[in-house]
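Okay, so here's the structure we're looking at.
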Number of protein chains: 2
Amino acid sequence: MASSWGISRSMAEVHALLYLSDETLNTDDMMSRLDISRGSASMTLRSLLDWGVISRVHRRGDRKEYFSAEQDVWKLFRTILRERKKREIEPLLDELLICRDLSAMLNPGRKKRKLDPEAARLKALNDRLDNMIEFVEMINSVSNHLMNSSGKGLELAVKLISKAS
Amino acid sequence: MASSWGISRSMAEVHALLYLSDETLNTDDMMSRLDISRGSASMTLRSLLDWGVISRVHRRGDRKEYFSAEQDVWKLFRTILRERKKREIEPLLDELLICRDLSAMLNPGRKKRKLDPEAARLKALNDRLDNMIEFVEMINSVSNHLMNSSGKGLELAVKLISKAS
DNA sequence: GCTGATTTTCAATTCTTTTTGAAAATATTT
DNA sequence: AAATATTTTCAAAAAGAATTGAAAATCAGC
């Protein structure tokens, strides 16, 4: 799955290992269980921390750092959604709005009587950009709702969709 | 966006060009507009056809093949959803079910009185697998509904979610 | 079935991303 | 603050993915 989600193989593996593990694990555990280097383990754990899907755990009487993964799949879902919105949807929307501004600038003012073909082309381009923007804004809005609804609210929302076939 | 969606840059560019273009375009158009090789254009167009987001158009009196992109963003959304379900969700679910079978096999039969720690570990592993499977099955089910609902039904469903905050 | 136009294929190459490993930095204990 | 344990960093190496270009395959009309 890793590659189609845009994360590296070791990130997926480390997370899976932590998610399925009962105990917290330290860097050396990852290295031996998954056969990866110390550097790789360190960077991978850091990325997972940045995504907010794992957390550090300190054990008294032990200098090493241990890690554990979020166990609630709904919470995990919301965390990933929040992060993808920030990293993907919002920047995309920003770019699209810039494009629309550019395109609107080129577009001739309110309707000329005889619609010359070039104006029509620009109008069509504008419309397509608008459709795409409207769609991404909708995705953005749904993300907001799913992301903030509580675990139960989320499951409910999802059941609503299932009903509205 | 391309990399975080697991498609190549040229695929994204070719699709964007076709989506925003008024006219249908042929391979040579792609090559000159996007400055890519013939081979690359050919493979990229093929992938987009496989995804079902563009289609071939034959013009009478012209031997070249032309292409056009789906213009309806909701339809595009459903097409991509259908394809991702097939390529990602279903294979993932298959793997997860295999994992659960394996895990269930290792798991000791109905409750021993004194729960030895090893059995508890296995039980916990099983539960986590089950949670994940349940979640992916839910995603699968939502995909089915979104994918099959008509354009209007989809927009409606999405508005339902927005309401159920 | 021949000819010329067009598209596809794929080994070699280029470009990108990921991983390694050892040095540097940081933290902990005595 | 020295000694030791642990984590982080990052240049270099390896692995992986995308692209090229030219040969091979396909196709359309004669």
Counting only residues that are hydroxyl-bearing (Ser, Thr, Tyr) and under 24 Å from A:LEU92 (Cβ atoms), how many does the stretch B:1-39 have? 6
Could you identify the single residue in B:GLU83, B:GLU118, B:GLU90, B:GLU65 that is modelled with pLDDT under 95 and of a type in the set (Asp, Glu)? B:GLU118
Restricting the stretch A:33-52 to residues that are hydroxyl-bearing (Ser, Thr, Tyr) and over 13 Å from A:ARG9 (Cβ atoms), which is nearest to DNA strand C (Cβ to nearest atom)? A:SER37
Residues being touching an Asp or Glu at 6+ places or on another chain (Cβ under 9 Å), under 25 Å from A:LYS75 (Cα atoms) and not β-branched (Val, Ile, Thr) - total across the stretch A:24-39: 2
When the residues of the stretch B:14-32 are narrowed to those that are closer than 19 Å to A:ALA124 by Cα and charged (D, E, K, R), which ends up farthest from DNA strand D (Cβ to nearest atom)? B:ASP22
Kindly provide the set of residues from the stretch A:53-94 that are farther than 26 Å from A:THR27 by Cα, open to solvent by 60 Å² or more (accessible area, probe 1.4 Å), more than 16 Å from DNA strand C (Cβ to nearest atom) and within 14 Å of chain B (Cβ to nearest Cβ), ordered by number. A:LYS86, A:GLU90, A:ASP94
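The values are calculated or read from the model by the stated rules, or taken from the named source; none is laboratory data. Keep in mind the model is a prediction, meaning the values are calculated, not measured. Methodologically, a virtual Cβ is constructed for each residue, glycine included, from the backbone with ideal geometry; neighbour enumeration extends over all protein chains shown. Protein only, heavy atoms only, side chains kept; ligands, DNA and RNA dropped before computing areas. Shrake-Rupley method; radii C 1.70, N 1.55, O 1.52, S 1.80 Å.
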